[in-house]
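The values are calculated or read from the model by the stated rules, or taken from the named source; none is laboratory data. These numbers come from a predicted model, not from an experiment. Cβ placement follows ideal geometry from the backbone for every residue including glycine, while neighbour counts extend to all protein chains displayed. For accessibility, only protein heavy atoms count, side chains too; no ligands or nucleic acids. Shrake-Rupley method; radii C 1.70, N 1.55, O 1.52, S 1.80 Å.
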Amino acid sequence: MRGVFLGVAAGLVFFKEMLDQRIKSPADLMMMSHIDVLGVLPDTSEDPAGQRVVEGIVQKQPSGLMAESYRQIRTGLLRRMDRDGHKTLALTGPQAGTGVSCALQNLATSLAFNGRNVLIVDANFRRPSQHKLAQIANDRGLVDVLRSDATLDQVIHKLDGLSVSVLPTGNVNAAAPELIETETFRHIVEELRARYDIVLFDAPPALITSDAQMLARTVDAFALVSRAETDTRGMIQRMMRQLDGQRASLLGVILNGVRGTHGGYFRRSYQDFYSYHQETQKAKA
C-alpha cells in the first residue's frame, strides 16, 4: 500500500512539473529547440556577499559573483558577434520586469573592461531608464536626432572612467515608436556602427509592444533576457516567432534571477566561486 501511495505521489509531482511551464533553470530553456543559453545571472538572494542592488554592480564589484556572471555572458556574445561581424545588438524581454535595462548596463561595463568602446542607446520610448542608470540628463536624445533637432555629438554622454557612452531617448512625449522604422534611424545606426566597437540597444518588451520587431529590421543581432520563475517557455517561443525572419540574428537567451535550491548545483557553484575568490585574496596578502 505504501508503495502505491509513493507511486501516485511521484506521478502527481511529475504531472505538476510537466504542466509548470515556468523557466527556472537553463535546463528548461534547453527543452526547446533552437535555443542557445548565453548565460545565467543569479538572483541577488543567492549572492554569498549579500549584494542586493544590481544597478552598476559590474563596476562597483568587478571581482564579484555578478561581474563574473556577466563576464561569462560577454565571452559567449563576443564569440558570436565577432565571428559574424556584428556590431549592433539589442536586448529585449517578453514582458516588463525581466531586468533588460540593468542587464544591458552591466553588460556594457563588462564589454568596456574587455577593451571595447561601447555605446548604450535607449530605444525604449515607452519607459526610458538608461539616463537614470547613468545619472545623466534626458532633456535631449535619440528622439531629437530623429527629428533633426539635435546632432549625435550634442546628445551622446561619455561616462567617466569607462569606455562607455550613453545616448538617452530624449523627451518621449508624443514620440511615436515608428520613428525607429525611418530611413533617418537606419542612417543613425550606420553612423554609430562606424564610431563604436559595439552598440547596445535597450528595447521594450517584445510581447507587449511591436518596437522590438521594428528594431530587429535594422540591428545586427538580438539577445533575449528572461526572468526565472516568472517567464514561461511559451513566452520565449512566441518571442522567437515574432523576431524570426527579421534582419537581426537571434544569439540566444540570458536567464536572469536564477535561484539555487538548498544544496543544488547553482548554490554550490556560487559558494565555490566565493571560496575560490577568498583563497585567492589570502594568497595575494
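One residue alone among SER226, SER275, SER210 is modelled with pLDDT of 85 or more and surrounded by fewer than 18 Cβ atoms within 10 Å (Cβ to Cβ), and that residue is SER210. For the stretch 125-137, the criterion of being more than 30 Å from PRO42 (Cβ to Cβ), in contact with a strand residue (DSSP E or B) (Cβ under 9 Å, 6 or more places away or on another chain) and among the hydrophobic types (A, V, I, L, M, F, W, C) is met by at least one residue. For the stretch 72-106, a residue qualifies if it is of a type in the set (D, E, K, R), farther than 25 Å from THR209 by Cα and in contact (Cβ under 8 Å) with a residue 40 or more places away in the chain, and the qualifying residues are ARG74, ARG80, ASP84. Evaluate the stretch 199-218: report whether one residue or more is touching an Asp or Glu at 6+ places or on another chain (Cβ under 8 Å) and in a helix (DSSP H, G or I). Yes, some residue in the stretch 199-218 is touching an Asp or Glu at 6+ places or on another chain (Cβ under 8 Å) and in a helix (DSSP H, G or I). When restricted to residues that are open to solvent by 40 Å² or more (accessible area, probe 1.4 Å) and at negative phi, the stretch 20-36 contains 8. Of the residues making up the stretch 234-253, those that are under 17 Å from LEU38 (Cβ atoms) and open to solvent by less than 30 Å² (accessible area, probe 1.4 Å) number 7.
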